[in-house]
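The values are calculated or read from the model by the stated rules, or taken from the named source; none is laboratory data. All values derive from a computational prediction rather than experimental measurement. We place every Cβ from the backbone using ideal geometry, glycine too, and count neighbours over all the protein chains shown. Surface areas here come from the heavy atoms of the whole protein model, side chains and all, with no ligands, DNA or RNA. Shrake-Rupley method; radii C 1.70, N 1.55, O 1.52, S 1.80 Å.
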Amino acid sequence: GYADISRNALPGSLVHTPHIDRICDQGVYFSNYMTHHVCSPSRGGLLTGRHYSEVGVGVLTGGTLDNSIPNIAKDFQAAGYTTGAFGKWHNGDPPLSADGASVYVNNLSEVIATNALYEMTPGEVPGEGVNAYGFDEWAGFYGGGHDYHDRINARQIDWWENGVYAPFTTGYNTYIIRDDALDFIDANADTPFFLYVPMEAVHAPYDVLNTDLEEMCNVVSSSHPGLSWAHVKELVSPLTGRKIEDVLQLHCHGGEEFDRGPLDAMLPGFADLVYYTLGYAMDKATGEILDRLAAYGLSTNTVVVFAADNGGTNSGDNT
């Protein structure tokens, strides 16, 4: 019954996720899988196998997953598997950086967003870090969502490699996470492994690459001629006067250079195009992970699970 409810079967849809779809087409699709409406409890429940109301994560409970609860990574690690996690944690706070790059400042106004130090304020308690939850390898961020291009959250750069603060990481978050996952598979293809890949996409902010946006335009232009790249690339930022085709790293959140709201008024459909481009990039990354498993002959003895960790935004669709 998957084909009956696929978003891609809907006329005029901007969704294009062929690789995620093939997980459903070639596997088992759970049409009434229940997730929490916010992310941390959902992922805490997934990791521990407990109902998300019982694992002690989320904004109302301090946000930290109780590390005394058994979890899947520790179980696989104990069974001799190599374990890796790459992407978004948001089940606890960062540890003190192993290289001494964590420091305390007097208040938030002293935090410098882009320096090489992870700055905390008095009263903040460092977390245990992802590796302490049973992961041999970890790279990613601890917050809920942040800039896809420079990894700045509401305060500062948030990116870590194992127990070390890594503020000078470059690239687009979705593809950094993909590359780390592929490297992990390359390094462990001959041994049992457990790989957890919590993507940031399609979480806000709406940051995309113009190369992905162009590809999406080429996908949807037959059904949405107004969203062809010929039209989209000519959109001009009201803030800077720059064209979309001239800027690789597009910031399309409210008040940003290519705010999708005002630009949608100029070219209807642009706002949705940006949102679904986030998903398109994630789908491409998912496809490359599936293909890497296949290249090593691991497709038939590897269980792949794809799940959302919260409901859709106003621009999204929970189906």
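Okay, here's what the table says:
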item	result
Residue satisfying all of: in segment 116-146; open to solvent by 20 Å² or more (accessible area, probe 1.4 Å) and touching a residue at least 60 places away in the same chain (Cβ under 8 Å); farthest from D75 (Cα to Cα) among these	G145
Positions within segment 211-239 being in a helix (DSSP H, G or I) and open to solvent by less than 20 Å² (accessible area, probe 1.4 Å), in sequence order	D212, L213, M216, C217, V220, L227, V232
Filtered residues of segment 148-193 (kept if open to solvent by less than 20 Å² (accessible area, probe 1.4 Å), touching a residue at least 24 places away in the same chain (Cβ under 8 Å) and assigned to a loop (DSSP other than H, G, I, E, B))	Y148, H149, Q156, D158, A166, P167, Y172, A189
Residue in segment 82-98 that is buried (at least 17 other Cβ atoms within 10 Å of the Cβ), of a type in the set (K, R), in contact (Cβ under 8 Å) with a residue 12 or more places away in the chain and over 17 Å from G163 (Cα atoms) present	no
Residue in segment 35-53 that is surrounded by the fewest Cβ atoms within 10 Å (Cβ to Cβ), counting only those that are in contact with a Phe, Trp or Tyr (Cβ under 9 Å, 6 or more places away or on another chain) and without any contact (Cβ under 8 Å) to a residue 40 or more places away in the chain	G45
Count - residues of segment 105-135 that are at negative phi and either touching a helix residue (DSSP H, G or I) at 6+ places or on another chain (Cβ under 7 Å) or not in a loop (DSSP other than H, G, I, E, B) (or both)	12
